[in-house]
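Bear in mind that the values in this text are calculations on the coordinates, not laboratory data. This structure is a prediction, so every number in the text was calculated from the model and none was measured. Because the Cβ atoms are built from the backbone with ideal geometry, glycine has one as well, and the counts that use them run over all protein chains shown.
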Amino acid sequence: MRRMRVGVIGIGFIGAAHIEALRRLGYVDVVAVAHKSGGEKKAGEQFVPKGYDDYRDMIDREELDAVHICTPNNLHFEMAMYAMEKGLSVMLEKPFTMTVEEAKTLCAYAKEHQIVTGVNHSLRMNPQVQQMKAMVQSGEIGEVFAVTGGYLQDWLFLESDWSWRLDPEISGNTRAFSDIGTHWIDMVEDITGLRAVEVLAEFGLLHKTRKKPLKSVETFSGMALRPEDYADTPVKTEDWCSILFRFENGAIGNMNVSQVTAGRKNQQIISISGSKCALHWDSEDSQELWVGRREMFNQKAPKDPSVLSDKAKAVIGYPGGHVEGFPDTFKAQFEKFYQAVLEGDTAQRDFANFEDGLREMVLCEKVYESAQKRAWVKI
Ligand SMILES: NC(=O)c1ccc[n+]([C@@H]2O[C@H](COP(=O)([O-])OP(=O)(O)OC[C@H]3O[C@@H](n4cnc5c(N)ncnc54)[C@H](O)[C@@H]3O)[C@@H](O)[C@H]2O)c1
């Protein structure tokens with residue numbers, strides 16, 4: 001098998017996770033990183049041979065097969081376009097772009113030039129998410145008539161919590177929805193094969209102003225804030241949202257998304273009600289899938305390749321009883337992506353690609369529109 005030469009752009013939280021997962025594939029070499037003002041230092045920290053300050057220099061000089069773009073949202077478009085113009089395959093972080101227009105432009109370019117693309121909705125690759133998909137597709141669930149759940153975190157709970165995600169110029173018009181709610185609806189549409197056709201969204205704010213640090217956030221680690229260290233800054237995007245969806249078959253969806261729910265670090269819940277049985281999956285108990293039945297006892301399916309579907313088996317790396325989680329979904333997704341790169345196959349597969357990225361941006365736009373109008377909006 002040909003070895004892949006890959007560059008990663010933006011080495012923050014998720015860039016480092018990409019590098020770790022890529023190394024686990026065995027045939028993908030992360031040969032360089034690009035990081036704004038400090039590429040060489042980041043390369044050293046990640047044990048990568050080369051580091052660049054400007055991503056264009058890395059792409060121009062390194063003869064790469066693919067890039068992974070792991071920078072803040074407002075940079076995704078220009079970076080993906082530059083990489084595609086140089087003929088590279090692109091794995092891009094979500095949310096895909098800032099606008100639907102940008103998303104359409106990237107999709108059209110990728111399609112015209114037959115470029116293999118991916119968007120990092122890796123949570124699809126959780127074995128129990130794949131198991132739910134297999135059970136819906138096989139007809140075991142019957143007709144899906146309701147999907148409930150959501151995505152809760154607490155990392156913006158305090159007034160002093162700050163991130164570039166709070167700035168709409170960098171992050172986009174929606175925050176909680178685009179940052180994490182998009183994962184939920186991406187998983188739900190992928191599992192059920194149903195598209196949401198209408199949406200009603202309500203946004204909420206816990207903090208109308210936040211204490212924006214005037215120095216780098218790391219500077220404050222372990223220190224109490226002093227008034228001269230921050231500026232009270234109005235917040236324009238939602239901390240929290242509740243959304244109703246109507247799906248194409250008439251089913252109802254209901255999700256809650258929050259970045260300010262104390263104690264919830266990273267909880268996704270998907271509950272599917274079908275005409276034959278029900279499914280419930282909670283990422284805080286991610287190894288098990290609950291199957292609810294009326295005519296007999298309920299079941300809990302363990303993450304065990306010897307009892308789950310072929311779809312689930314395909315993303316499981318370890319035997320039953322050996323816990324797998326967030327980083328393993330990256331490995332499973334990148335495995336599928338690089339198989340497509342090696343085969344030059346641009347067809348839609350079961351990992352998210354730029355078409356799914358466009359879908360994500362349409363949903364962001366419609367959710368935002370609905371919350372502004374406080375009314376149902378057609379998608
Ligand atoms: N798929 C997931 O589960 C997941 C999880 C977290 C973040 N994300 C997405 O990943 C992206 C990055 O998020 P993060 O949490 O890693 O943020 P982060 O702030 O931790 O890291 C982003 C890094 O990009 C660097 N950067 C900024 N401009 C750059 C430039 N011009 N060239 C090179 N590097 C540059 C920053 O210095 C920073 O270190 C966002 O789009 C976010 O939504 C996805």
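Once phi is turned into ³J(HN,Hα) by the Karplus curve 6.51 cos²θ - 1.76 cosθ + 1.60 with θ = phi - 60°, what whole-Hz value does each residue of region 259-267 show in order, with x for glycine and proline?
10, 9, 9, 3, x, 8, 7, 5, 9
Taking the Cα centre of each part, how many Å lie between region 272-304 and region 361-379?
31 Å
Less than 15 Å Cβ to Cβ from Gly44, Lys/Arg counted +1 and Asp/Glu -1: what total charge do the surrounding residues give?
Spelling it out: positives minus negatives among the neighbours equals 0.
State the antiparallel share, in %, of DSSP beta bridges confined to the chain, rounding to the nearest 5.
Rounded to the nearest five, the antiparallel share is 60 percent.
Rounded to whole Å and sorted largest first, list the principal axis extents of the Cα atoms in region 4-122.
37, 28, 26
Pick out, in residue order, every one of the chymotrypsin sites (Phe, Trp or Tyr not before Pro) in region 124-225 that is DSSP loop and has at most 13 other C-beta atoms within 10 Å; say none if there are none.
Of the chymotrypsin sites (Phe, Trp or Tyr not before Pro), the ones in loops of region 124-225 whose Cβ has at most 13 other Cβ atoms within 10 Å are Trp155.
Please work out the FRET efficiency for the pair Trp164 and Thr209, using the Cβ-Cβ distance as r and a Förster radius of 25 Å; give the result to the nearest 0.05.
Once rounded, the FRET efficiency stands at 0.90.
Using a Förster distance of 30 angstrom, determine the FRET efficiency expected from the C-beta separation of Lys265 and Arg24, and round it to 0.05.
0.80
Loop only by DSSP, 13 or fewer other Cβ within 10 Å of the Cβ. Give me the chymotrypsin sites (Phe, Trp or Tyr not before Pro) in region 2-85 that pass, ordered by residue number.
Qualifying residues, ordered by number: Tyr27, Phe47.
Going down the list Lys212/Lys236; Lys41/Lys236; Lys236/Lys366; Lys41/Lys94; Lys94/Lys331; Lys41/Lys211, which pairs span over 24 Å between their C-alpha atoms?
Over 24 Å apart, Cα to Cα: Lys41/Lys236; Lys41/Lys94; Lys41/Lys211.
Just flag the GluC sites (Glu not before Pro) in region 1-105 sitting in loop per DSSP whose Cβ has no more than 13 other Cβ atoms within 10 Å.
For GluC sites (Glu not before Pro) across region 1-105 that sit outside H, G, I, E and B with at most 13 neighbouring Cβ atoms in 10 Å, the list reads Glu63.
What is the chain's relative contact order, in percent, from Cα pairs under 8 angstrom and six or more apart in sequence?
Relative contact order of the chain: 21 percent.
Given charges of +1 on the Cβ of Lys and Arg and -1 on the Cβ of Asp and Glu, with all other atoms neutral, how large is the dipole of the chain about its Cα centre, in debye to the nearest 20?
400 debye
State, as an integer percentage, the relative contact order of region 127-320 based on alpha-carbon contacts under 8 Å between residues 6 or more apart.
Dividing the mean separation by the residue count of region 127-320 yields 33 percent.
Which value in nm describes the separation of the simple spin-label points at Lys36 and Thr233, placed 7 Å from the Cα toward the beta carbon?
Between Lys36 and Thr233, the label points sit 1.2 nm apart.
With no solvent and one point on each alpha carbon, what is the Debye value of log10 I(q)/I(0) for the chain at q = 0.10, 0.12, 0.13, 0.14 Å⁻¹?
-0.66, -0.97, -1.14, -1.31
Using the Cα centre of region 127-320 as the reference point, and only Cβ charges (+1 on K/R, -1 on D/E), how large is the resulting charge dipole? Debye, rounded to the nearest 20.
Here the size comes out at about 160 debye.
Mind giving me the FRET efficiency for Met1 and Arg61? R0 is 22 Å, r the Cβ-Cβ distance, nearest 0.05 is fine.
Between Met1 and Arg61 the formula returns 0.35.
Counting each DSSP H run of 4 or more residues in the chain as -39500 (n - 2.57), what helix-only mean residue ellipticity at 222 nm follows after dividing by all residues, to the nearest 500 deg cm²/dmol?
Computed ellipticity for the chain at 222 nm equals -9500 deg cm²/dmol.
Quick one: length gained pulling Ser138 to Ser242 fully straight, 0.36 nm per residue minus the C-alpha distance?
Working it through step by step, the gained length comes to 34.4 nm.
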